[in-house]
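Notes to accompany the following structure.
The values are calculated or read from the model by the stated rules, or taken from the named source; none is laboratory data. Small disclaimer: the values here were computed from a predicted structure and weren't measured. Cβ coordinates were reconstructed from backbone atoms using ideal geometry, including for glycine residues, and neighbour counts include every protein chain displayed.
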């Protein structure tokens with residue numbers, strides 16, 4: 001059993017977003033993406049190198065194709081959830097989960113961070129936020145597909161319960177969802193933002 005709790009006593013909260021201190025003391029703000037919101041997607045994509053894009057999307061992408069951008073912005077707060085991290089008013093990273101068709105308690109997770117923000121703990125913060133929402137929404141298992149050389153993501157996914165195995169040249173991560181410990185975000189604030197109302201909730205993920 002994992003309880004919602006505050007991760008940083010100095011975290012600040014503004015309407016529609018929550019803030020967290022990164023490893024180096026810098027402040028990042030987190031908020032859910034809105035349906036059809038594409039500007040942050042494009043900004044984060046533009047801040048990723050060709051190698052980083054290939055690791056995230058498993059293929060080289062000079063630009064985000066319109067059908068993919070439409071799919072990535074088709075969020076609804078439950079089936080498909082995406083959260084944006086902003087540093088100094090600039091989009092810095094996005095994480096998301098998407099429930100598997102026919103298996104609503106299992107979700108695929110993915111995350112990306114712009115190159116110049118690597119090493120500050122943003123991926124950890126983003127993954128903590130979306131897995132917190134996923135758990136509150138009833139997701140009990142997580143999956144992901146990774147490039148074999150994406151070691152940082154492999155290690156981070158292992159911390160939320162997804163172990164990896166090599167399948168047809170790619171790493172397939174899968175396992176029962178567990179929340180990151182110690183938490184990197186104020187989970188009560190994250191759930192309140194996700195649901196647009198105050199929740200006093202205990203997350204029981206088995």
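Scanning region 1-32 for residues that are over 25 Å from residue 177 (Cβ atoms) and either part of a loop (DSSP other than H, G, I, E, B) or modelled with pLDDT under 50 (or both) yields a total of 8. Using the structure shown, decide if residue 104 is surrounded by fewer than 21 Cβ atoms within 10 Å (Cβ to Cβ), over 13 Å from residue 177 (Cα atoms), touching a strand residue (DSSP E or B) at 6+ places or on another chain (Cβ under 7 Å) and without any contact (Cβ under 8 Å) to a residue 60 or more places away in the chain. So residue 104 fails the test.
Residues are listed down the side, and each one gets a yes or a no for (1) more than 20 Å from residue 33 (Cα to Cα); (2) touching a strand residue (DSSP E or B) at 6+ places or on another chain (Cβ under 6 Å); (3) surrounded by 19 or more Cβ atoms within 10 Å (Cβ to Cβ):
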residue: 92; (1), (2), (3): no, yes, yes
residue: 97; (1), (2), (3): no, yes, yes
residue: 134; (1), (2), (3): no, yes, yes
residue: 152; (1), (2), (3): yes, no, no
residue: 157; (1), (2), (3): yes, yes, yes
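Taken together, the residues in region 150-200 that are part of a loop (DSSP other than H, G, I, E, B) and out of contact with any helix residue (DSSP H, G or I) (no Cβ under 7 Å at 6 or more places or on another chain) amount to 11. Whenever a residue of region 157-185 is free of Cβ contacts under 8 Å to residues at least 24 places away in the same chain and at positive phi, its partners that are exposed (fewer than 15 other Cβ atoms within 10 Å of the Cβ) and in a strand (DSSP E or B), lying with C-beta atoms within less than 8 angstrom and at least six residues away or across chains, give the pairs 161/176.
For region 36-49, does any single residue satisfy the condition of being surrounded by 14 or more Cβ atoms within 10 Å (Cβ to Cβ), part of a strand (DSSP E or B), touching a helix residue (DSSP H, G or I) at 6+ places or on another chain (Cβ under 6 Å) and at pLDDT 95 or above? No, that holds for no residue.
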